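Undergrad: Got a structure for you, questions after.
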Amino acid sequence: MTDVHIPDGYLDPYMAGATWLIAAIYLYFAARKTPRDLLPRVSAIAGAIFVAQMLNWPIPGGTSLHFVGGAFAAMYLNSPWAASIAIALVLAVQTLLFHDGGITAYGANVLNMGVVYVWIGWALWKLLERRYPLAGAFLGGWLGIFIAGTAAGLEIGLTPTIGYPLSITIPAMAIPHFLLGIVEGAITVTLVATLRRYGMMPAQIPVLAAKPRP
């Protein structure tokens, strides 16, 4: 499958341990930054993204593509911290029940999809939300997953036991995700455009707009 999930065996114990530790610390602070009244929506968006990720589109080469949703989660929840929690929940279920991504690589996968992707997508969305919201949604989904894929290539390339240098692992992950990220961006902007049309984005709901999430 062509996605950002790193399986077991691709990271050595040092890289796996370091990414687990960083992810655990980050998620601790993300949990503290996420208000309790937002948790039902976190659960709902995590469930929706999990179901969406079960839909795979085959692409040439015997691989497939699926929606990741990190940027959309941040946009919909109006909080990258809450979005990180949602993506971490999705990844935990996928790892433990469906073996999509390794247990030893869970920390790296959380960092890539639940931190790097979420925050890049959120930053581009907030940068363009006021004047060009749909462009911000598309770029957030596209470039966010591209940079997340590049980060995965960096982590794999820094693992000596894998046997491939950064000059191979980074292009191998970055180039496909630069192209496939266009689909991620298209799905993200479609969801955002639909929700905006029906007044369902947080900024359009008075009770939610009054509580901006950092």
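Undergrad: Restricting to region 150-198, name every residue that is in contact (Cβ under 8 Å) with a residue 12 or more places away in the chain and open to solvent by 70 Å² or more (accessible area, probe 1.4 Å).
TA: Those that are in contact (Cβ under 8 Å) with a residue 12 or more places away in the chain and open to solvent by 70 Å² or more (accessible area, probe 1.4 Å): 154, 158, 160, 161, 178, 182, 196.
Undergrad: Here's something else I'd like to know. If you go through region 1-32, how many residues are of a type in the set (Val, Ile, Thr), open to solvent by 50 Å² or more (accessible area, probe 1.4 Å) and touching a residue at least 24 places away in the same chain (Cβ under 8 Å)? Walk me through it before giving the result.
TA: Applying the first criterion (of a type in the set (Val, Ile, Thr)) to region 1-32 yields 2, 4, 6, 19, 22, 25.
Pick out the ones that are also open to solvent by 50 Å² or more (accessible area, probe 1.4 Å) and you get 22, 25.
Going one step further and asking which of them are touching a residue at least 24 places away in the same chain (Cβ under 8 Å), we end up with 22.
Qualifying residue count, region 1-32: 1.
Undergrad: With among the β-branched types (Val, Ile, Thr) and touching a residue at least 60 places away in the same chain (Cβ under 8 Å) as the only criterion, which of 120, 145 stands out?
TA: 145 is the lone residue from the list that is among the β-branched types (Val, Ile, Thr) and touching a residue at least 60 places away in the same chain (Cβ under 8 Å).
Listed here are the residues, each with its yes/no results for (1) under 16 Å from residue 69 (Cα atoms); (2) of a type in the set (D, E, K, R); (3) at pLDDT 95 or above; (4) not in a helix (DSSP H, G or I).
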| residue | (1), (2), (3), (4) |
| --- | --- |
| 107 | no, no, yes, no |
| 112 | yes, no, yes, no |
| 138 | yes, no, yes, no |
| 143 | yes, no, yes, no |
| 170 | no, no, no, no |
| 176 | no, no, no, no |
| 195 | yes, no, no, no |
| 199 | no, no, no, yes |
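The values are calculated or read from the model by the stated rules, or taken from the named source; none is laboratory data. As the structure is a computational prediction, the values presented were derived from the model and not from experiment. A quick note on method: Cβ atoms are made from the backbone with ideal geometry, for glycine too, and the neighbour counts reach across all protein chains shown. Side chains included, ligands, DNA and RNA excluded: accessible areas come from the protein's heavy atoms. Shrake-Rupley method; radii C 1.70, N 1.55, O 1.52, S 1.80 Å.
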